[in-house]
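Comments concern the structure below.
Please treat every number below as a calculation from the coordinates, not as lab data. Source: prediction; values computed, not measured. Every residue, glycine among them, receives a Cβ derived from its backbone with ideal geometry; neighbour counts consider all protein chains shown.
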Amino acid sequence: MAKLVLKNINKVYPGGVKAVIDFNLEIEDKEFVVLVGPSGCGKSTTLRMVAGLEEISSGELYIGDRLVNDISPKDRDIAMVFQNYALYPHMNVYDNMAFGLKLRKTPKAEIERRVKEAASILGIESLLKRKPKALSGGQRQRVALGRAIVREPKVFLMDEPLSNLDAKLRVQMRTEIAKLHERLQTTFIYVTHDQTEAMTMGSRIVVMKDGYIHQVDTPQNIYDYPVNTFVAGFIGSPQMNFIDGKLLKENDKIYINFNDTKLLIPEGVIKKIDPAYFGREVILGIRPEDIHDEAAFLDYFPEYCFNAKVDVVELLGSETFLYLTSGENSLTARVDPRSNTRTGDTIKIGFDMNKLHLFDKITTKRILS
Amino acid sequence: MKKRSLLIKILKVVVLGIFLVYTIFPFYWILITSFKSRQDIFTMPIQYWPKVFTLENYREIFEISNFGRYFMNSLIVSMVGAGGSLLAGLLGGYVLARFQFKGKTNILFLYLLTQMVPGFLILAPLYTLMSKLNLINKLGSLMVAYTAMLIPYCTISLRGFFQRIPESIEEAAMIDGCSRLYALFKVVTPVMLPGIAATYIFTFVQCWNEVFQAIMFIDIEANKTIPVALNSFIMKYDINWGALSAGTVISIIPTIILFGFIQKYMAAGLTDGAIKG
C-alpha cells in the first residue's frame, strides 16, 4: 500500500519519438486508477515506467516517499499482470505463484499459506499442480493474478489483463478484479483501451492520447463533464454525437442553430456559457441517451425538437439504437426498446438541452463551465 | 475416385520407400562391413549379409590404433567447443534479440559474413596463430578454434529462439525478484531448452566431424581426434575398409545418444502455455 507520484514524466525513444509527455499524476493509497486511451497513447509505456521495465527519460517517480527512477523492478515492491499472462511455462501453477516469494527467501510455510490463500480467493486450488499449458485462458489469467496477489505488493499494475479473454469471461473477471481491489485494499493501476472497463472499475480515470493526459477525474465526472471532444467521444458507448452549429442570440434568448434547425438553450445552460461565444460557431455534443423520441418529451419540450430520418433500427432487447440523419448530420439515439420506429420513417426527436455539451470549434475544449 | 486415391497412396509409399533405402543403405553397409572379415569385404559376389560375423575390426581399432584415446579426445574437444560457443551465443543472442543499439545490424551482418568464408581459407593464418599461442599439437588449439568458429552460428541461431519467447516472461521474472541475468538463466533458458538443445547438437556434431583443422593442428598420436584417426585408415595404396567402418560406427554413437536424450525437447513446443494460446 502506497501513494504514487508521477512528476513531469517524459518518455522519449531513441529516434526522438515521444511516447509520454509531461505526465503529472498523484495516485492516493488504495486508489484504483485506470489509464485509458487509444493504441499508441502512451498508457502502457507509463505503466511500464512505473514497473521499471522502461527507463524514464525525464521526470520523477515516487512510490511511497521513495524516488524510484533508478531502482530496478525487483526492488520497487510492485506486482504486474500482463496482457498475455506471461506465466513461466516450465513451472506448475504453485511454483509460478511461489516463484517471487522463493526469490525473496520467504519461509516455506509462509509461501504455502499465501499461495493457498490466493488460490482460494481466485478459485484455482484444484489447479496448483498443473502446468500453464493445461489451463484455459481464464484459468491462466487467474494464475497471473494469483502470482501478483501472493507477493502482497505496495502497488498492483495491470496491463490490459482482460483483452485476451472472451466477452463473457471478460465481464466476469472485471467484477472479480474490482472485488479483489476491495478485498486487498492496495493501490491498483490498470491500463486498458476499453472504456467500459475504465468506467466500471476505476475510482479515477486518466484519459490519454498521443502521450498527453487529457483528463483525470472520476468516471461519472468524465462522462458528464468531458474536457474536450476527444474525451467526450472516447468515453461512452455508443459515442457522443457531435454537430457543428452556431450560437444565436435572438430577443434575449440563446439558440443553437445547425442546418435548418434552431433549438432553444435553457436558462440554466446559458449561465454556464461565456457570452463571448454568442454568435460564434461551436460544436454541440449530445449523448445518445439524451435524444428522445417519446411523445411525453416531445409534447413537453417542443422547442427542443426537430425531424430526422431513421436509417437503421438496432434492437438490443433492453434498449434500441436509432441511427438517424438530419440534414448533413448523422446521429445515434438510445431509446426505449418498446419504440415502434421503423427504418425509413421520418420521426420527430428532441434533445434534452439541459444535458447539452458545447465545445470550442477550434480548440475542441469544453466551453460550459 | 477411390481407385485414384489408392494409387496415390501406393505411389507415396513407393517413393518414400526408395528414399528411405537410399538414406539408410550407406549406414547399413558401413555397419555390416564393420562386422565382416577382411576377405569377406572383397568377396565376389557381394555379400549383403555376412556369412560370418567378426569383431576383428573393432579389436584392431582399439588394440592397434588406440581408438579409445581418439574417442575421448573428440569428446572433450567437441564438448568444450560446443559448450563454449553455446554459452557465448546465449549471451550474444540474448543481447541481439532484446536490446536496441547502434551498429546492431552491422554486427549481425559480420556474423553472417564469417559463415560465408570457406574454412580452407583461414587454415594457414589459423595455423600461424595457434603456433604463436603455442597450441600446436594440443587439444586446446581445437577447442579455441571450434569455439570461435561456431560462436556466430550459435549467436544467430539462439537470437532467433530468443525472439520467439515473449519478453513479458522475463519481465514478469524481473518484477518477481530476478536480475536480468538471473531471469535469463532461471526463466528464459529453461523455456528455451529445445532451441538450446538443437543448437548444441548441431555445434557438437560440427566439432565432432571437423577434420581439416584437426589434421592441421594435431600431429601427435596422443592428441588425435576421431576424424583424423579415420583419415589415417586411408593410406596411399590401400584403404582399411574394415577398420574404417568400425571406427565410423563407433563415431556415430555419441550423436545417436545425444539425439536420444534431447529428442523430447526437440518435439515439445517452446513456450506452451506461457501466454495466450
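In sequence order, what are the phi-derived ³J(HN,Hα) couplings for region A:71-79 according to the Karplus relation 6.51 cos²θ - 1.76 cosθ + 1.60 with θ = phi - 60°, rounded to whole Hz, with x for glycine and proline?
8, 6, x, 5, 9, 8, 6, 10, 9
Using the number of other C-beta atoms within 10 angstrom as an exposure proxy, rank B:VAL52, A:VAL171 with the fewest first.
Neighbour counts put them in this order, fewest first: B:VAL52, A:VAL171.
In sequence order, what are the phi-derived ³J(HN,Hα) couplings for region A:84-96 according to the Karplus relation 6.51 cos²θ - 1.76 cosθ + 1.60 with θ = phi - 60°, rounded to whole Hz, with x for glycine and proline?
Working through the residues one at a time gives 9, 6, 6, 7, 7, x, 8, 10, 7, 4, 4, 5, 4 Hz.
For peptide B:160-171, how many partner chain Cβ atoms fall within 10 Å of a residue's Cβ, on average?
3
Towards the positive end of the charge dipole of chain B, with charges on Cβ (+1 Lys, Arg; -1 Asp, Glu), say which of B:SER168, B:ALA124, B:LEU96 has the farthest Cα.
Ranked along the dipole, the leading option is B:SER168.
For region A:1-125, list log₁₀ I(q)/I(0) at each q in 0.11, 0.13 Å⁻¹, using the Debye formula over Cα point scatterers of equal strength and ignoring solvent, two decimals each.
Those come out to -0.49, -0.67, one per q.
Just to be sure I follow: if Rg is taken over the C-alpha atoms of the protein assembly as shown and Rh is the Kirkwood radius over the same atoms, what is Rg/Rh? Intermediate results must be reported in sequence, preceding the final value.
Working: Rg = 36.5 Å, Rh = 31.2 Å.
Using Cα coordinates only, the ratio equals 1.17.
May I ask you to derive the relative contact order of chain A, considering only C-alpha pairs under 8 Å and at least 6 residues apart, and to give it as an integer percent?
Worked out over chain A, it gives 15 percent.
If amide H atoms are built 1.01 Å from N in the plane of the peptide, which residues on other chains or at least 5 residues away come under 5 Å of the amide H of A:LEU368?
The answer is A:LEU358.
Given H placed 1.01 Å from N in the peptide plane, which residues other than close sequence neighbours of A:ASN241 have an amide H under 5 Å from its amide H?
A:ILE286, A:ARG287
Considering only the protein assembly as shown, what is the antiparallel percent among its DSSP beta bridges, to the nearest 5?
On the way: 61 of 79 bridges.
Around 75 percent of the beta bridges assigned by DSSP in the protein assembly as shown are antiparallel ones.
Mind sorting B:TRP29, B:TRP49, B:TRP208, B:TRP241 by how few other Cβ atoms lie within 10 Å of their own Cβ, fewest first?
Taking fewest neighbouring Cβ atoms as first place, the list is B:TRP49, B:TRP29, B:TRP241, B:TRP208.
Using DSSP to define loop residues, name the GluC sites (Glu not before Pro) in region A:1-92 whose beta-carbon has at most 15 other beta-carbon atoms within 10 Å. Don't skip to the answer; put the middle values down first.
On the way: sites: A:GLU26, A:GLU28, A:GLU31, A:GLU54, A:GLU55, A:GLU60; in loops: A:GLU28, A:GLU31, A:GLU54, A:GLU55.
Answer in residue order: A:GLU28, A:GLU55.
Counting partner chain Cβ atoms within 10 Å of every residue's Cβ in A:92-104, what's the average? Don't skip to the end; give the middle numbers.
Details: counts 0, 0, 0, 0, 2, 0, 1, 7, 6, 2, 2, 7, 2.
Average neighbour count from other chains, rounded to a whole number: 2.
State, to one decimal in nm, how far the label point of A:LEU67 lies from the label point of B:LYS2, with both points 7 Å from Cα in the Cβ direction.
8.4
Report ³J(HN,Hα) in whole Hz for each residue of region A:8-23, in order, from the Karplus equation J = 6.51 cos²θ - 1.76 cosθ + 1.60 where θ = phi - 60°; Gly and Pro get x.
Result, rounded to whole Hz: 6, 6, 10, 10, 10, 7, x, x, x, 6, 8, 8, 9, 10, 6, 8.
How large is the helix-only mean residue ellipticity at 222 nm for chain A, computed as the sum of -39500 (n - 2.57) over DSSP H runs with n ≥ 4, divided by its residue count, in deg cm²/dmol to the nearest 500?
Taking each H run of at least 4 residues, the total per residue is -7500 deg cm²/dmol.
Using the Kirkwood radius over C-alpha pairs as Rh, can you work out the diffusion coefficient of region A:179-289 via Stokes-Einstein at 37 °C, viscosity 0.692 mPa s, in µm² per second?
After rounding, the answer is 202 µm²/s.
Can you give me the convex hull volume of the Cα atoms of region B:55-272, divided per residue and expressed in Å³? Before the final figure, lay out each step's value.
On the way: hull volume 32.2 nm³, N = 218.
It comes to 148 Å³ per residue, whole-number rounded.
Using the Kyte-Doolittle scale, which helices in chain B average at least 1.0 and also have C-alpha atoms spread 20 Å or more along the helix axis, with helices defined as whole DSSP H runs?
TM-like helix candidates: B:2-34, B:67-98, B:241-267.
What Kirkwood hydrodynamic radius do you get for chain A when you take the inverse of the mean 1/r over all pairs of distinct Cα atoms, in Å?
23.2
Taking 8 Å as the Cα distance limit and 6 or more residues as the minimum spacing, I'd like the relative contact order of region B:55-272 as a percentage.
Numbers: 225 pairs, mean separation 74.6, N = 218.
Reported as a whole number, the value is 34 percent.
Could you put A:MET91, B:MET174 in order, starting from the residue whose Cβ has the fewest other Cβ atoms within 10 Å?
Ordered from fewest to most neighbouring Cβ atoms within 10 Å, A:MET91, B:MET174 come out as A:MET91, B:MET174.
Can you give me the relative contact order of region A:1-43 as a percent, contacts being Cα pairs under 8 Å and 6 or more apart?
39
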